[in-house]
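Encoded as structure tokens, the structure appears first; notes follow it.
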Amino acid sequence: MSQRESLRTEGFGVPDTVDPHHFVVRVPSGNSGDIEIIEHFGITADSPDDDVLLRCRLTRKAWNGIKDEAKRVLNERLREKNLKTSRWSAGDNKLERLLGREFCLLAWAVETARPDDYPAACAAWASLKPEERWWLFRMCDHATGTAADTDIGWRKAVRVALTETPGPLTPTKRRKTSKPKAEADLFAPLASKD
């Protein structure tokens with residue numbers, strides 16, 4: 001039996017289990033109203049009062065600027081794990097907790113950005129490795145992780161970093177690690193120059 005058949009999921013990879021930790025992207029029906037990104041801590045919450053956290057509110061214009069690229073990248077990640085893909089619809093769209101963190105990072109990058117910066121933000125976000133997205137999410141979350149914390153601290157830094165990047169990071173633009181010419185033995189006695 002394949003992983004796709006054995007693991008039942010909802011939305012973008014949320015395990016079909018009792019109260020999993022996940023994100024919800026709430027899209028109002030119609031063409032107006034803000035989109036909300038909400039983290040549901042599920043059974044892992046410290047108390048029922050701490051079960052839900054509103055992470056971000058996006059204007060409809062910002063949502064329309066990122067939704068297609070986000071869907072493409074998230075579905076690509078699901079395919080890598082042989083999980084069923086999903087699509088955005090009106091109402092609550094569930095995202096697995098790590099995918100939710102990645103999407104939230106993109107939302108934070110565009111929440112106060114100009115509309116002509118949305119494509120650059122999407123391209124820069126898509127070029128990041130998942131681990132890089134998780135790290136940036138945690139940096140923002142530490143001090144500025146709610147919907148009320150727009151455009152300050154790490155959130156502002158993420159907006160600038162993703163919207164002012166001249167293009168996607170290709171393998172040639174990423175910093176290459178050079179191999180040392182000779183392995184130095186840190187514990188060897190220093191050779192004298194006599």
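Descriptive notes on the structure:
- Neighbourhood charge, 12 Å Cβ-Cβ cut-off, centred on residue 119 and excluding it, Lys, Arg +1 and Asp, Glu -1: -3
- For the range 35-120, the carbon plus sulfur part of the accessible surface works out to 45%, probe radius 1.4 Å.
- Near residue 148: Cβ cut-off under 15 Å, other residues only, Lys/Arg at +1 and Asp/Glu at -1. The net charge is -3.
- Listed residue pairs exceeding 24 Å between alpha carbons, taken from 61/156; 61/129; 81/156: 61/129; 81/156
- Selection among 42, 58, 73 by position relative to the dipole of the range 21-94 gives 73 as farthest towards the positive end (Cβ unit charges, Cα centre).
- Heavy-atom accessible area per residue - the range 44-144, 1.4 Å, Å²: 49
The values are calculated or read from the model by the stated rules, or taken from the named source; none is laboratory data. Remember, it's a predicted structure, so these values are computed and weren't measured experimentally. As a convention, Cβ positions derive from the backbone with ideal geometry for all residues, glycine included, and neighbour counts pool all protein chains shown. These area figures cover heavy atoms from the full protein model, side chains too; ligands, DNA and RNA do not enter into them. Shrake-Rupley method; radii C 1.70, N 1.55, O 1.52, S 1.80 Å.
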